[in-house]
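The values are calculated or read from the model by the stated rules, or taken from the named source; none is laboratory data. All of these numbers come straight from a predicted model, not from anything done at the bench. Because the Cβ atoms are built from the backbone with ideal geometry, glycine has one as well, and the counts that use them run over all protein chains shown. Side chains are part of the model used for accessible areas, which takes the heavy atoms of the whole protein and leaves out ligands, DNA and RNA. Shrake-Rupley method; radii C 1.70, N 1.55, O 1.52, S 1.80 Å.
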Amino acid sequence: MPMQAQDVRWVKEPRLSLMDRLYLPSVVDGILTTGKHLVKTLRGGEFTQQFPEVEPKLPSHYRGVHRLNRDEQGRVKCVACYLCSTACPAHCIDIVAAPSPWPDREKYPEMFVLDELRCIYCGMCEEACPVDAIELTTLYDLTGLSRQEMLFDKEKLLSVYDQTTQAGTDPARTHRGQLGPASEKAADVRLPNPQ
Amino acid sequence: MAIFSHPMFIAFVVSVLVIAAIPGICSYLIFAERKIAAWVQDRIGPNRVGPWGLFQPIADGLKFLFKEQVVPNHVNKVIYFLAPAIAVLTTLLAFAVVPFGSTNTQNPEEFQWMIAPGVDIGILFIFAVGSLAVYAIILGGWASNNKYSFLGALRSSAQVISYEIPLGMSILGVVLLTGSLNLERIIEHQAQGFFHWNVWYQPMAFLIFWLAALAETNRLPFDLPECEQELIGGFHTEYSAMKFGMFFLGEYTHMITVSFLLSILFLGGWHFPGLTTLGPNTAGSVALKFIVLFGKMSLFILLIMMIRWTLPRFRFDQLMGLAWKVLIPLALVNLVAAMFVKHYDASPWWLTLVNVGLFFVPAWWASGPIGSMRRPVREVGVGAAARV
């Protein structure tokens, strides 16, 4: 559609002063700015992180590899309610429930397989979980040699819990509402102080 | 042995040395450029190969040599292979008459630090051969049979041909005052003292030459032939491996030549007050002259690299406007002023006055009534909404 004449508004360009019109002062000003950055970097003000040698400090709400939490008795906290696999937009969680061998819950996951390659790391599983059983940790450098290896089963996910708890990199809880009875006790993981 | 002191033999040895040294210097210039780019952007830059990344250029060179040569099916093979060769050849040829160290026209027996000493058309030769470099770009863009390459080549031809005029005209004033096209004589004319450097008499010509040279070497802010955002890679889109490397080599050699020319034509070449003077050379003064000239050249290269990260790229009409509406008239006025000074044997300081005037008066004029133009903008509000 061609532009209509009444849509065209004529404006005057702002008038440049003599100093602007000389251009050279502005160019020198610009070179001084770049030079300032150059000197600053040479004095060690660079933002670059030397990655393989220096591990990045990730915020505790970073969404990396998943873990399955244990309760205070070391049992898997999951109650096999399927809320996480229902919430999952990538359909990467596969749960087989079985009657719980413990008296405080009805079900427990006989099998819990999470495909780390399918996962999009959106964190909706941990938001959906009523008992804070599944969480995303700050482990970011996940690699594997086969697709089979990247299917994390219950044992593997629990070992991620042990590993991150030992390393002191527990993730921040994203969900702190009314939790189910299986999680009452373990809800004392403190959010990190915002300061 | 007579053969070893024969000028042909000496020229042969020197040219072999220069041709051997220039790719090395160029690859380290690319390294320097990457480092400076990184520092300006608060990064570290290449630092993995060797201490502080110093072996990075060697790794890059090896990569260029051993990479697969991808030759697209649709290219014009002869011209496609010819273009990178022309790019390197012309820039190296232009270097033949550029002094890169001590020269002495009073004592031609002495070793002259250039490939072809005593060429009386020196500067003319550089421009004649240097303007051939645009052939590499045009042929490369044409032979690639790719619309982006071709657009880059077209832009380049328009740009280089336009900027050749202010480039040549800005140095005519220098040539007139010296009375010679020979670069050694131009240096010696300035070597009489610090205030004989041409930059004091013709600062505007110096600026014009520098701007035009930036455009000639396709450096930012005038790198329209290869502007990545619009043309992928420009004229070298279809080139890979060492053929691309040769275009790169040509560009950086051109940059070295231009930086040498800037220091030779306007900053006194190897002359520096108190350090290096005219007259018979000793081994020490030869070394000093080399260091001085190299220092000046490096300073210009550093500035060219800093300008790259300071100024954004010109729009094409701005680029042409700058050449035809600003640089050429200014260079012309400077040339006429130089003619007057030469004809009436006036003090060259009159030229300084004219040059300072040339710097301020057009800017003052442009900041007056002609400086603010009416331009259309699209009405976002009333009219557009009313029609719907």
Whole-Å semi-axes of the range A:66-173's equivalent ellipsoid (Cα gyration tensor) = 20, 16, 13
Each label sits 7 Å from Cα toward the beta-carbon; between B:ALA116 and B:ALA346 the label points are separated, in nm, by 3.7 nm
Whose amide H sits under 5 Å from the amide H of A:ILE134, counting only residues 5 or more places off or on another chain, with H placed in the peptide plane?
-> A:ASN69
Check: chain B dipole with +1 on Lys, Arg Cβ and -1 on Asp, Glu Cβ, in debye | 1020 debye
Within chain B, how many lysine pairs that are 8 or more places apart, or on different chains, have C-alpha atoms less than 30 Å apart?
-> 18
Whole-angstrom Cα spans of the range B:172-238 along principal axes, big to small = 49, 21, 17
Can you give the accessible area of A:ASP104, probe radius 1.4 Å, in Å² rounded to 10?
-> 80 Å²
How big, on average over all directions, is the shadow cast by the Cα convex hull of chain A, in nm²?
-> 22.5 nm²
Looking only at Cα atoms, what is the convex hull volume of the range B:283-354 per residue, in Å³?
-> 145 Å³
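If you take the beta carbon distance between B:ILE165 and A:GLN148 as r and set R0 to 60 Å, what does 1/(1 + (r/R0)^6) give as a FRET efficiency, to the nearest 0.05?
Details: r = 69 Å, r/R0 = 1.15.
Here the calculated transfer efficiency is 0.30.
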Restricting attention to the alpha-carbon atoms of the protein assembly as shown, what are Rg (one decimal) and Dmax (integer), both in Å?
-> 33.9, 113
How many Å² of accessible area per residue for the range A:66-173, probe 1.4 Å?
-> 50 Å²
Find the Cα radius of gyration of the range B:71-367, compare it with 2.2 N^0.38 Å by division, and give the number to two decimals.
-> 1.04
Heavy-atom accessible area ranking, 1.4 Å probe, most first, across A:HIS66, B:HIS254, B:HIS6 = B:HIS6, B:HIS254, A:HIS66
Projected onto the charge dipole of the protein assembly as shown (+1 at Lys/Arg Cβ, -1 at Asp/Glu Cβ, origin at the Cα centre), which of A:GLY64, B:PHE248, B:PHE340 gives the Cα projection farthest towards the positive end?
-> B:PHE340
Sorting B:GLY50, B:ALA363, B:VAL97 by the position of each Cα along the dipole of the protein assembly as shown (Lys, Arg +1; Asp, Glu -1; all at Cβ), the one nearest the positive end of that ordering is B:ALA363
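Just to make sure I understand: if all protein chains stay in place, what is the order of A:GLU55, A:GLU135 by accessible area at 1.4 Å, largest first? Kindly include the intermediate steps, with their values, before the conclusion.
Values: A:GLU55 115, A:GLU135 5 Å².
The ordering from most to least exposed comes out as A:GLU55, A:GLU135.
With +1 on each Lys and Arg Cβ and -1 on each Asp and Glu Cβ, how big is the dipole of the protein assembly as shown about its Cα centre, in debye rounded to the nearest 20? Walk me through the numbers before you get to the answer.
Numbers: 46 positive and 47 negative charges, 255 e Å.
It works out to roughly 1220 debye.
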Between the range B:328-366 and the range A:33-63, how many Å separate their Cα centres?
-> 50 Å
Chain B - mean residue ellipticity at 222 nm from DSSP helices (-39,500 (n - 2.57) per run, n ≥ 4, rounded to 500) | -20500 deg cm²/dmol
Just need the Rg to Rh number for the range B:204-301, please, alpha carbons only, Kirkwood Rh.
-> 1.13
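Once neighbouring chains are kept in place and the probe is 1.4 Å, which whole percent of the accessible area of the range B:1-66 is contributed by carbon and sulfur? Mind showing how you got there, number by number?
On the way: 3180 of 3990 Å².
Answer for the range B:1-66: carbon and sulfur cover 80 percent of the accessible area.
Considering only protein heavy atoms, with the full assembly of protein chains and a 1.4 angstrom probe, order A:LYS57, A:LYS156, B:LYS147, B:LYS243 by accessible area, largest first. Walk me through the numbers before you get to the answer.
Numbers: A:LYS57 195, A:LYS156 95, B:LYS147 145, B:LYS243 15 Å².
Descending order: A:LYS57, B:LYS147, A:LYS156, B:LYS243.
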Just name one of B:PHE125, B:ILE138, B:LEU167: the one whose Cα is farthest towards the positive end of the charge dipole of chain B (beta-carbon charges, Lys/Arg +1, Asp/Glu -1).
-> B:ILE138
Which three semi-axes in whole Å describe the equivalent ellipsoid of the range B:112-154, each the square root of 5 times a Cα gyration tensor eigenvalue, listed largest first?
-> 33, 9, 6
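Can you pull a Stokes-Einstein diffusion coefficient for the range A:60-108 at 25 °C (0.890 mPa s), Rh from Kirkwood over Cα pairs, as a whole number of µm²/s? Provide the component values of the computation, followed by the final result.
On the way: Rh = 12.5 Å.
Calculated translational D: 197 µm²/s.
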So how exposed is B:TYR135, as accessible area in Å² (1.4 Å probe, rounded to 10)?
-> 120 Å²
Between the range B:195-256 and the range B:54-72, what's the alpha-carbon centroid distance in Å?
-> 22 Å
Keeping all protein chains in position, work out how much accessible area B:VAL40 exposes to a 1.4 Å probe, and write it in Å² to the nearest 10.
-> 20 Å²
